[in-house]
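Heads up: the structure comes next, in structure tokens.
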Ligand SMILES: NC(=O)c1ccc[n+]([C@@H]2O[C@H](COP(=O)([O-])OP(=O)(O)OC[C@H]3O[C@@H](n4cnc5c(N)ncnc54)[C@H](O)[C@@H]3O)[C@@H](O)[C@H]2O)c1
């Protein structure tokens, strides 16, 4: 997500320092951005000059020193409250007082993240969607103490990055995941109860509701473990309605995590879907003696 955000920002005229604690992740991200922009040039969607200018605005750094000149930091490390708070505490030591601390968190409370800083009014959520350069949405989340001038500045930045912004209060799931994940979970329930097959559920939502991907394909892409974790967070807050389905819990327990593990509702070979996971269609009998 960090590299997608950086790519979109440099293409929108911003000067960006991409930070990661692992140097190899930074080099991989930089090479990925260069390749993606080169492809834009080849397809005629970007000029050579714009590509060179955008790449000149990107630097990578495994240290935090660049924070001293930052007007905005967008944190996108892994989804863990303590780790994210630790990053904000370190940034607090280098960034000037006006720097806005944004987080790309999908589920963590912005008010909780802000509580680790001395600037809770300058902490805000900027929830981008994957792949960032292509997905048009940025969900903006305000914590209990987020200042209005911070929201105004985030609106300007988000729009300059070509995104449509929506605004959410700091409640688990925000807007998109709160609406989307119960639908994915219910698709799992339908398959688990054998109301319909995996392919029929996906075709139903693609062809009947014009969704670009079926809910089970999407669940596999997100990762069934991630879906389960977020459903548990939502069910803790909102109760029964968000209870993760039994089949989802079983799939994760059995190690079927979706595309990244090679099997979820579908099987994958070299990242390509090759069929429905046979464990979902197996007929069980007791062998005749
Ligand atoms: N993947 C998605 O589709 C998606 C969509 C929206 C939001 N998000 C959110 O974005 C964030 C990142 O997700 P991701 O999928 O890109 O994760 P990822 O694991 O692919 O990348 C996280 C990166 O953070 C680096 N990192 C970890 N700890 C660090 C630290 N202390 N300092 C500096 N770098 C550190 C890791 O080395 C890694 O390169 C999470 O909060 C996630 O919930 C993800």
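Bear in mind that the values in this text are calculations on the coordinates, not laboratory data. Since the structure is predicted, the reported quantities are computational estimates derived from the model, not experimental observations. Positions of Cβ are generated from backbone atoms using ideal geometry, with glycine treated the same way; all protein chains shown enter the neighbour counts.
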Test: residue in segment 36-46 that is within 16 Å of the ligand (Cβ to nearest atom) and surrounded by 13 or more Cβ atoms within 10 Å (Cβ to Cβ): yes
Number of the exception - residue 87 against (1) more than 17 Å from the chain's Cα centre (by Cα); (2) more than 10 Å from the ligand (Cβ to nearest atom); (3) surrounded by 15 or more Cβ atoms within 10 Å (Cβ to Cβ): (2)
Unmet criterion (only one of (1) near the ligand (Cβ under 10 Å from one of its atoms); (2) within 20 Å of residue 157 (Cβ to Cβ); (3) surrounded by fewer than 17 Cβ atoms within 10 Å (Cβ to Cβ)) for residue 96: (1)
Pair list, Cβ < 8 Å and 6+ apart or interchain, from segment 15-44 residues that are without any contact (Cβ under 8 Å) to a residue 40 or more places away in the chain to residues that are away from the ligand (no atom under 14 Å from the Cβ) and part of a strand (DSSP E or B): 30/58; 33/58
Inter-residue pairs, beta-carbon under 7 Å, first without any contact (Cβ under 8 Å) to a residue 24 or more places away in the chain and in segment 230-241, second surrounded by 10 or more Cβ atoms within 10 Å (Cβ to Cβ), 6+ apart: 232/244; 235/242; 235/243; 235/244
Flag for residue 133 being more than 11 Å from the ligand (Cβ to nearest atom), in contact (Cβ under 8 Å) with a residue 40 or more places away in the chain and either part of a loop (DSSP other than H, G, I, E, B) or surrounded by fewer than 17 Cβ atoms within 10 Å (Cβ to Cβ) (or both): yes
Failed item in (1) over 23 Å from the mean Cα position of the chain (by Cα); (2) within 14 Å of the ligand (Cβ to nearest atom); (3) within 20 Å of residue 149 (Cα to Cα), with residue 104 passing the rest: (1)
Residue that is farthest from residue 188 (Cα to Cα), among those in segment 251-289 that are surrounded by fewer than 17 Cβ atoms within 10 Å (Cβ to Cβ) and in contact (Cβ under 8 Å) with a residue 40 or more places away in the chain: 273
